[in-house]
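Engineer: Starting off with a structure, shown below.
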Amino acid sequence: MEKKNKKINLSYLIERNIKNRKYKDGITNGSTFLFSLLCVVILFLVIGYVLFTGANYLTPGFITSNYSQSSVALRTPKDFVYNENDYDFSDLERFDDTYYSEKWGIGLQYGKDNNQNQVIYLVQMSENSPFHELVRRDDGTNFNIPSDMYLSYITVQTELGTYKTAFSEDGIENMISTLDEAVSIYDSNFLTLGGGISTSLITTCYLILFTLIFSLPLGIGGAIYLGYYAKDNRITRIIRSLVDMSSGIPSIIFGLVGATIFIPFVGSMTGTTGGNIFTGALTMTLILLPTIVKTVEESIKTIPKSMISASLALGASNTETIFKIVLPNSIDGILNAAILGIGRTIGESAALVFALGTFITAAPSFTSGNTTLAVHIWYILAGEYPAYEQACAISIIIFCVVVVLSLSTKLINYLFRRKRER
Amino acid sequence: MKNPFKFKKEIVNADLFNNDLPLPHSEEYPDEEVIFSVKDFQFYYDNGEKHALKDINLEIFKKKVTAFIGPSGCGKSTLLRCFNRMNDLIDGNKKEGEILYKGTPIDTLNTIQLRSKVGMVFQQPNPFPMSIYNNITYGPKCQGLRNKKSLDKIVYDSLNDVGLYEEVKDQISHSGTSLSGGQQQRLCIARCIAMSPDIILMDEPTSALDPIATLKIEELIRKLKEKYTIIIVTHNMQQAARISDYTAFFML
Ligand SMILES: Nc1ncnc2c1ncn2[C@@H]1O[C@H](COP(=O)(O)OP(=O)(O)OP(=O)(O)O)[C@@H](O)[C@H]1O
Ligand SMILES: [Mg+2]
């Protein structure tokens, strides 16, 4: 009797459960969908914000110019006399977007500096323009105005002997009318763009290069030891878990090590003081090693044992087997490790603040402090007036690199999987 | 495994498997030249916990095919891998007694030297993922042979010997892994004889192949024994009867 009852109950339970399950499944499905939607939306908001804020600032000038601004002050020579009849500016070709000073034979154009402020560029000069005669105010030498310098202000002497100044901000018309009154140029100030990232960009490339040069051989060596030579015993397991653990150490601690060990070490060998690209690369090497060892080891482990046995059975030594079988067949792991390393190096800031430097220099240097793009962001945000727009512009570059890197990882894995399947 | 014992091929017969048969010693077969002799050999795995080979006494005769048969797990592959010391690569292996190669204990030989004289063909065809040409020249190149002409000749001869030349002569630079299973196994044999070894060890070389490919390999083995000594592990009694001159029967 009891048994029968149970049976009836069971089928009832199942029936109830079916309804219940449908309901529960609905909730689970719905909520997981909502959560993933939320993640996607947040991601898009972040990317959208960065793109929206930074896109306008990401100009060729921003990428190619220096962070520091250099200026030059020019004037007409002391014995300069303006004589209208001396000059023939008929060679000056006319363009619609350019304003011309008929008196001085020059063409001016609007441009933007790296803060998106309006500036004026001297884009054309007649063969006969007196601007060719301009000399530096400090040493009186002749100076060819480079095309990447803009005119920030100009002070002229008028016929009456008074001085008049026209600023870039006040527009080209004002500047031209001032020039029309001038009989000589007393002071014209040309500036490079400034606020750009060229040094940080180049330093980042150097840092990546040296980091890979240091870390790949070491990492591949470690991976070969763990994946090929090491016996499966306690010591190996300890080493392996240490490697695992050290990939979780916050990078700032490695930065500390870099500052306290590598800076004096490199300094004692090369005579440098403070961080430079080498100390930065050594520190990045520490940060990357666990990841590289892991990635390459995984890849070595996927090589069929039979292939290695075949090589050894043919009388190949371990070294030959490593160079002819193991490494060629784990090339995808090595490439992936290199790509991971590049990504980490581009993104790292905390450790490099200590180990590389924070001062944005005028040119990449192997002997003194430098900044990478990520440290550059840190630097321009850490000041009194955080430059969010420029930071976003740099972030766009980093985004693009990261996207390209992850796409190339996908491509590499796809190509190698196809090769293996064949 | 206990006492393997050997038969002349003609007396391979399930009814006759008993310990009364004469052990295959050179005294019994005075015409044969001994190339490997195994003396009171013991082999252990897992730091001596697993006694895989027990008191093996056996001789391998030159330019003859010796087949190892016996139930699964009785240690045929283990003994085979002892001949070219591939077992040395396994952690926790231990051995007692000795194996003499032409009178010299193999443990005193350099493994590279030994393995270039004692080739091995595996159960699963395992060509390298490189061109057929590079597969065959792999061994000679590792020994330092660089001369293009000699390498070409080795490739031609080895492929010819295994009857693969006509089949693949237009795709010498294609990957070895693109061949069929049977062709791959013959490529592996070609790769092995490219080293001009004395002995070829084969561990169930046909178990992954279809009957026709199997027949081709068997034919090849019969042909190869004119030049090489062959030791072959097989599960197939008929195969052992077809191709071997001597058979060692292993018991658990
Ligand atoms: N690497 C190893 N580590 C530990 N034990 C092993 C190892 N290889 C083989 N053995 C054990 O040694 C014994 C003999 O194995 P072996 O592979 O030589 O048998 P076999 O005769 O070749 O069998 P089969 O006919 O199935 O290939 C088995 O009990 C096996 O479990
Ligand atoms: Mg076996």
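The values are calculated or read from the model by the stated rules, or taken from the named source; none is laboratory data. Just so you know, these numbers come straight off a predicted model, no measurement behind them. Counting neighbours? That spans all protein chains shown, and the Cβs are built from the backbone with ideal geometry, glycine included. What goes into the accessible areas is simple: the full protein's heavy atoms, side chains included, and nothing from ligands, DNA or RNA. Shrake-Rupley method; radii C 1.70, N 1.55, O 1.52, S 1.80 Å.
Engineer: Taking R0 as 22 Å, what FRET efficiency do you get between A:CYS205 and A:PHE359 from their Cβ-Cβ distance, rounded to the nearest 0.05? Numbers along the way, then the final one.
Structural biologist: Working: r = 19 Å, r/R0 = 0.85.
It comes to 0.75.
Engineer: If you roll a 1.4 Å probe over the range B:26-249 with all protein chains in place, what percent of the accessible area is carbon or sulfur?
Structural biologist: Details: 4400 of 9340 Å².
In the range B:26-249, the share of accessible area belonging to carbon and sulfur is 47 percent.
Engineer: Distance between the C-alpha centers of the range B:45-119 and the range A:51-118? Whole Å please.
Structural biologist: The range B:45-119 and the range A:51-118 have Cα centres separated by 86 Å.
Engineer: Let me see the pair-distance distribution of the range A:198-421: every alpha carbon pair, 5 Å bin width, integer percents in order.
Structural biologist: Spelled out bin by bin, the range A:198-421 gives 1, 7, 13, 16, 16, 14, 12, 9, 6, 4, 2, 1, 0, 0 percent.
Engineer: Moving on to the next point. Could you sort out which of B:LYS50/B:LYS94; B:LYS141/B:LYS227; B:LYS62/B:LYS225; B:LYS39/B:LYS102; B:LYS117/B:LYS225 sit more than 20 Å apart by Cα distance in this structure? Walk me through the numbers before you get to the answer.
Structural biologist: Working: B:LYS50/B:LYS94 10 Å; B:LYS141/B:LYS227 22 Å; B:LYS62/B:LYS225 9 Å; B:LYS39/B:LYS102 13 Å; B:LYS117/B:LYS225 15 Å.
Those over the limit are B:LYS141/B:LYS227.
Engineer: Then there's this: Helix-derived [θ] at 222 nm for chain A: sum -39500 (n - 2.57) over DSSP H runs of at least 4, divide by residue count, nearest 500? Intermediate results must be reported in sequence, preceding the final value.
Structural biologist: On the way: 14 runs with 228 residues, N = 422.
That calculation yields -18000 deg cm²/dmol at 222 nm.
Engineer: Can you give the Rg to Rh ratio for the protein assembly as shown, taking only C-alpha atoms and Rh from Kirkwood?
Structural biologist: Values: Rg = 39.9 Å, Rh = 32.8 Å.
We get a ratio of 1.22 for the protein assembly as shown.
Engineer: On to the next question. Can you tell me the relative contact order of chain A? Whole percent, Cα pairs under 8 Å, sequence separation 6 or more.
Structural biologist: For chain A, the relative contact order is 18 percent.
Engineer: Report the extension gain between A:GLU173 and A:TYR229 in nm, rounded to one decimal, defined as 0.36 nm multiplied by the number of residues separating them, less their alpha carbon distance. Don't skip to the answer; put the middle values down first.
Structural biologist: Values: separation 56, 0.36 × 56 = 20.16 nm, distance 7.68 nm.
Going from the current span to full extension adds 12.5 nm.
Engineer: Under a crude label model (7 Å from the Cα following the beta-carbon direction), how far is A:ARG94 from B:LYS149 in nanometres?
Structural biologist: Those two pseudo-labels are separated by 8.1 nm.
Engineer: For the range A:116-160, what is the charge dipole size about the Cα centre, in debye to the nearest 20, if Lys and Arg each add +1 at the Cβ and Asp and Glu each add -1 at the Cβ? All intermediate terms of the calculation are to be shown ahead of the outcome.
Structural biologist: Details: 2 positive and 6 negative charges, 23 e Å.
Computed about the Cα centre, the dipole is about 120 debye.
Engineer: To the nearest hundred square angstrom, how large is the accessible surface buried between A and B, total for both chains, probe 1.4 angstrom? Please report the intermediate quantities before stating the final value.
Structural biologist: Working: alone 24080 and 11840 Å², together 34300 Å².
Adding both sides of the contact gives about 1600 Å².
Engineer: Kindly identify residues of the range B:130-172 having a loss of at least 50 Å² in accessible area between the isolated chain and the assembly of all protein chains, probe radius 1.4 Å.
Structural biologist: B:TYR138, B:CYS142
Engineer: Note down the net charge around A:LYS103, summing +1 for each Lys or Arg and -1 for each Asp or Glu among other residues with Cβ under 10 Å from its Cβ.
Structural biologist: Details: positive: none; negative: A:GLU84, A:GLU102, A:ASP180, A:GLU181.
Residues near A:LYS103 contribute -4 overall.
Engineer: Also, quick follow-up: Of the beta bridges DSSP finds with both residues in the protein assembly as shown, what % are antiparallel, to the nearest 5? Don't skip to the answer; put the middle values down first.
Structural biologist: Values: 56 of 73 bridges.
Of those bridges, close to 75 percent are antiparallel.
Engineer: Report B:ILE212's accessible area, 1.4 Å probe, all protein chains in place, as a number in Å² to the nearest 10.
Structural biologist: Rounded to the nearest 10, the figure is 120 Å².
Engineer: Where the convex hull is taken over the Cα atoms of the range A:83-216, what is its projected area averaged over directions, in nm²?
Structural biologist: Numbers: hull surface 46.1 nm².
Approximately 11.5 nm², given one-decimal rounding.
Engineer: Moving on. Need one number: % antiparallel among DSSP beta bridges in chain B, to the nearest 5. Let's see the in-between values first.
Structural biologist: On the way: 23 of 40 bridges.
The answer is about 60 percent antiparallel.
Engineer: Once neighbouring chains are kept in place and the probe is 1.4 Å, which whole percent of the accessible area of chain A is contributed by carbon and sulfur?
Structural biologist: Numbers: 14400 of 23250 Å².
The computed percentage sits at 62.
Engineer: Within the range A:385-422, what residues put their amide N at less than 18 Å from the label point 7 Å along the Cα-to-Cβ vector of B:SER178?
Structural biologist: Residues passing the 18 Å test: A:415-422.
Engineer: Taking +1 at the Cβ of each Lys and Arg and -1 at the Cβ of each Asp and Glu, which of A:PRO146, A:VAL123, A:PHE89 sits farthest along the dipole of the range A:72-192 towards its positive end, judged by Cα position relative to the Cα centre?
Structural biologist: Comparing the listed Cα positions along the dipole, A:PRO146 ranks first.
Engineer: Report the extension gain between A:ILE239 and A:ASP180 in nm, rounded to one decimal, defined as 0.36 nm multiplied by the number of residues separating them, less their alpha carbon distance. Let's see the in-between values first.
Structural biologist: Values: separation 59, 0.36 × 59 = 21.24 nm, distance 7.86 nm.
Between A:ILE239 and A:ASP180, full extension yields an extra 13.4 nm.
Engineer: Moving on. Within chain A, which DSSP H helices have Cα atoms that stretch 20 Å or more along the helix axis and a mean Kyte-Doolittle hydropathy of at least -1.0? Mind dumping the intermediate values first?
Structural biologist: Working: long enough: A:2-54 (75 Å, 0.26); A:198-224 (38 Å, 1.70); A:277-301 (34 Å, 1.08); A:331-347 (24 Å, 1.17); A:388-421 (48 Å, 0.81).
Span-like helices, by this rule, are A:2-54, A:198-224, A:277-301, A:331-347, A:388-421.
Engineer: Name the most mobile residue of B:ASN87, B:ASN57, B:ASN160, meaning the one with the largest mean-square fluctuation, in a Gaussian network model of chain B with Cα contacts below 10 Å.
Structural biologist: Comparing B:ASN87, B:ASN57, B:ASN160 in a Gaussian network model of chain B, the most mobile one is B:ASN160.
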